[in-house]
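We did not get these values from a lab; they are worked out from the coordinates using the rules stated. All of these numbers come straight from a predicted model, not from anything done at the bench. Heads up, the Cβs are rebuilt from the backbone with ideal geometry, glycines too, and the neighbour counts pull from every protein chain shown.
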Amino acid sequence: MSRRANFDGVLNHLGLIKSIQTYEITIASGTKEKTQTLTTAVNKTYAYAYKLGADRCNVAGYANDKYLSGVELTDGSTITVRTHANTAADVTCVVQVVEWHKWAVKDVQHGTLTIVNGQSSATAALSRALNINRSAVIYNGSTCSSTTQNRDHSAASIAWSSAGANITTTRTGTTNDLTVYYCAIEWRAGVVKSVQVASIAFSGNTQTATATISAVTTSKTMLFWGGCKNNAFQEDMTGAELTSSTQITATGGRVVTNNTRSCIVTAVEFKSKWVKSLQSDATNIAAGNETADATITAVNLGRTLIHPCGYWTTNAFSTVDHPTIYPTSTTNIRADRDHTSAFMSPTIPWRALEFFR
Amino acid sequence: MKHVQTNPQGTVTATVWCSDGLPPPVHPRQAAVTEEEAVEAEKPYMRFDRDTKQISPRARPAAPTEEPGLAPDSKTAQPKKEK
């Protein structure tokens, strides 16, 4: 056996994932920051935090963009969640921390990017240019100085630019400061088969929009959410699903005549030998219900990525319909919104990819 | 490589960047255009000659070499080949 083949055999045995931890974190009413100590410390160079959905709140009519939250892996033992201003009610989000073995990931870059009042975009240089053939950029929420609900100003998408040298975030509007939280991960050769970044734009009187991608094996492909640009209203937020081997479909909560909506999704197909299973759903919380459960075939939660890809919701009643998802057991994934509004019905699409190791 | 996709009205509906080695996505709109172009290509290319005042078939003009629809920064966005 060659030394290379022997080395590959060792990697196959050790696998890709070192640890996966999921935390539900609540910013208490009257505060604007919450830190969470990790049960198992991670090496930040090889770990990212992924916000599993949006922000839950149990107060109807909690419509204010200054209470949106952003998530960061502050150091190897701490997650920090922030809002722009002290909240008027508890705000809860869910975060999955994924630590990869160092032979699986070259590094993860963590950061924030602020679009200042009067601007619609911001760009900054990454500390190291990404190899874009095996990288993904993750949108991890945002904080906004707005004292009203204007999702055209407070929603943003983010992606690499300038061939991986820069990171750029854009929004539809230009009002208020908006700080976007992100992680940029670069896998090593041998982990990823292909990467495709789709920027999907809605046009005309539509509720959905699609992007055609080069064919992937859907059972090996994970979607990473890059955020969305939006119209003014909450029901115009979008989510995305891999609807066939060659198509990503983005959905909003309603048909909109004057569309400014778009979203960014990175489809990462992992090499077949690493992937044990992949399950997906777009879980809908019915009007009047607080949660909805999706039963899955049992997975090992210690090596299963559970990543949502945006969300959409019906009705413009308020901003309380920010759903999250999280596993409640090895066979159940729950969508949750902390209240039981009869006016709205959010849907959160997700994919759960289990690695062999 | 970046691929721009449009609807029948010509509005950009998606931009997809594919990593090295992937074939380009075959967007339905692109496929439709290709079929139309194929039908058009079957027709003889006619040209009016001012001197003879006659219409006669001629060789088709060469297609433009630059790929249409790519964003101006597409060349800078080319991924480097892995060694």
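Quick check: residue separation of A:THR291 and A:ALA89 times 0.36 nm, minus the Cα distance between them. What number comes out in nm?
Value of the extension gain: 70.8 nm.
Enumerate the residues in segment A:170-206 having an amide nitrogen under 19 Å from the point lying 7 Å beyond the Cα of A:SER127 toward its Cβ.
A:180-188
Pop a pseudo-label 7 angstrom from the Cα along the beta-carbon direction at both B:VAL26 and A:ALA28 and give the gap in nm to one decimal.
6.0 nm
Cysteines of chain A lacking any other cysteine beta carbon under 4.7 Å?
Isolated Cys, chain A: A:CYS57, A:CYS93, A:CYS144, A:CYS183, A:CYS309.
Can you tell me the 0 to 90 degree angle between the C-alpha axis of helix A:3-14 and the longest principal axis of chain A, rounded to 10?
40 degrees
Return, ordered by residue number, the residues of segment A:34-77 whose backbone nitrogen is under 14 Å from a label point located 7 Å along Cα→Cβ of A:PHE343.
Answer for this model: A:59-64.
For chain A, what is the calculated [θ] at 222 nm in deg cm²/dmol (nearest 500), taking -39500 (n - 2.57) for each run of four or more DSSP H residues and dividing by its residue count?
-1000 deg cm²/dmol
For chain A, build the charge dipole from Cβ charges (+1 Lys, Arg; -1 Asp, Glu) around the Cα centre, then report which of A:THR328, A:LEU223, A:ASN258 sits farthest towards its positive end.
A:LEU223
Considering Cα pairs under 8 angstrom that are at least six residues apart, work out the relative contact order of chain A and quote it in whole percent.
Result for chain A is 19 percent.
Strictly over 22 Å apart at the Cα level, which of A:LYS44/A:LYS273; A:LYS106/B:LYS2; A:LYS34/A:LYS102; A:LYS66/A:LYS229; A:LYS229/A:LYS271 would you flag in this model?
Cα-Cα > 22 Å for A:LYS44/A:LYS273; A:LYS106/B:LYS2; A:LYS34/A:LYS102; A:LYS229/A:LYS271; rest within.
Within 10 Å of each residue's Cβ, count the other Cβ atoms and sort A:TRP103, A:TRP225, B:TRP17 from fewest upward.
Arranged by neighbour count, lowest to highest, A:TRP103, A:TRP225, B:TRP17 become A:TRP103, B:TRP17, A:TRP225.
Please work out the FRET efficiency for the pair A:VAL255 and A:THR40, using the Cβ-Cβ distance as r and a Förster radius of 35 Å; give the result to the nearest 0.05.
My answer for the efficiency is 0.15.
For segment A:265-327 and segment A:209-231, what is the separation of their C-alpha centers, rounded to whole Å?
One Cα centre to the other: 14 Å.
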